[in-house]
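One structure is given here, and the rest of the page talks about it.
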Amino acid sequence: MTLANYCIIAACLLPIISAGLAKSKGFGKRRRDGGFDNHNPRSWLANLQGWQARANAAQANGFEALPLFIAGVLVAQQAGAVQGKIDGLAVGFVLARMAYVYLYISDQASLRSLVWIAGLAISIALFFV
């Protein structure tokens, strides 16, 4: 398995980590005391405020970013592109997404948007390696 393939796995786990951060407000509490409501999780998440709400939004955006990135890696590999270039771009994407989650949670909107553009550019670049 290539480094880029491992990066696909890492990119798939980032939204799950973001979801855990979003739900952390409710860990260890009973549902009636404001703890996480696994019977109605989307409604519970919709009522979050502050950094937990932003972590939930980062989760959604993380899932939205996956298809283009995964397709880019697979198309580049299928086309026989230089694996080192694919690996470098894939690592860059994962680092950009990690920075994106951090910037989203810490409410740095302008910089977050720039990092989002970088991640998108990397995903697109994979199709032309």
Report summary line: Cβ pairs under 9 Å, 6+ apart or interchain, first in region 79-96 and under 23 Å from Ile17 (Cα atoms), second open to solvent by 50 Å² or more (accessible area, probe 1.4 Å) and part of a loop (DSSP other than H, G, I, E, B), ordered by first then second residue, are Leu89/Val129
Requested in this report: Mind telling me which of the residues Ala90, Ala79, Ala46 ends up being surrounded by 14 or more Cβ atoms within 10 Å (Cβ to Cβ) and among the small types (Gly, Ala, Ser)?
Outcome: Ala90
Requested in this report: Report, ordered by the first and then the second residue, all pairs with beta carbons closer than 8 Å, sequence separation of six or more or different chains, a first member in region 26-48 that is free of Cβ contacts under 8 Å to residues at least 40 places away in the same chain, and a second member that is among the hydroxyl-bearing types (Ser, Thr, Tyr).
Outcome: Asp37/Ser43
Report summary line: Within region 36-67, restricting to residues that are among the aliphatic types (A, V, I, L, M) and within 28 Å of Ile8 (Cβ to Cβ), the one that is farthest from the chain's Cα centre (by Cα) is Leu45
Query raised in the report: Within region 93-108, which residues are assigned to a helix (DSSP H, G or I) and open to solvent by less than 50 Å² (accessible area, probe 1.4 Å)?
Result: Phe93, Val94, Ala96, Arg97, Ala99, Tyr100, Val101, Leu103, Tyr104, Ile105
Query raised in the report: Among the residues of region 49-76, which ones are surrounded by 18 or more Cβ atoms within 10 Å (Cβ to Cβ) and either part of a loop (DSSP other than H, G, I, E, B) or of a type in the set (Gly, Ala, Ser) (or both)?
Result: Ala55, Ala58, Gly62, Ala65, Gly72, Ala76
Report task. Would you point out the residue of region 1-35, among those that are closer than 20 Å to Gly62 by Cβ and polar (S, T, N, Q), that is nearest to the chain's Cα centre (by Cα)? Result -> Ser18
Query - Hits in region 110-129 (condition: part of a helix (DSSP H, G or I), open to solvent by 50 Å² or more (accessible area, probe 1.4 Å) and of a type outside the set (Ser, Thr, Tyr)) - result: Leu111, Leu114, Trp116, Ile117, Leu120, Ala121, Ile124, Phe127, Phe128
Requested in this report: Only residues that are crowded, with 17+ Cβ neighbours inside 10 Å and either among the β-branched types (Val, Ile, Thr) or in contact with a Lys or Arg (Cβ under 9 Å, 6 or more places away or on another chain) (or both): list them for region 22-36, please.
Outcome: Ala22, Phe36
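The values are calculated or read from the model by the stated rules, or taken from the named source; none is laboratory data. Computed from a predicted model, the values in this text were never measured in an experiment. Backbone-built Cβ (ideal geometry, glycine too); neighbour counts: all protein chains shown. With ligands, DNA and RNA removed, areas are computed over all heavy atoms of the protein, side chains included. Shrake-Rupley method; radii C 1.70, N 1.55, O 1.52, S 1.80 Å.
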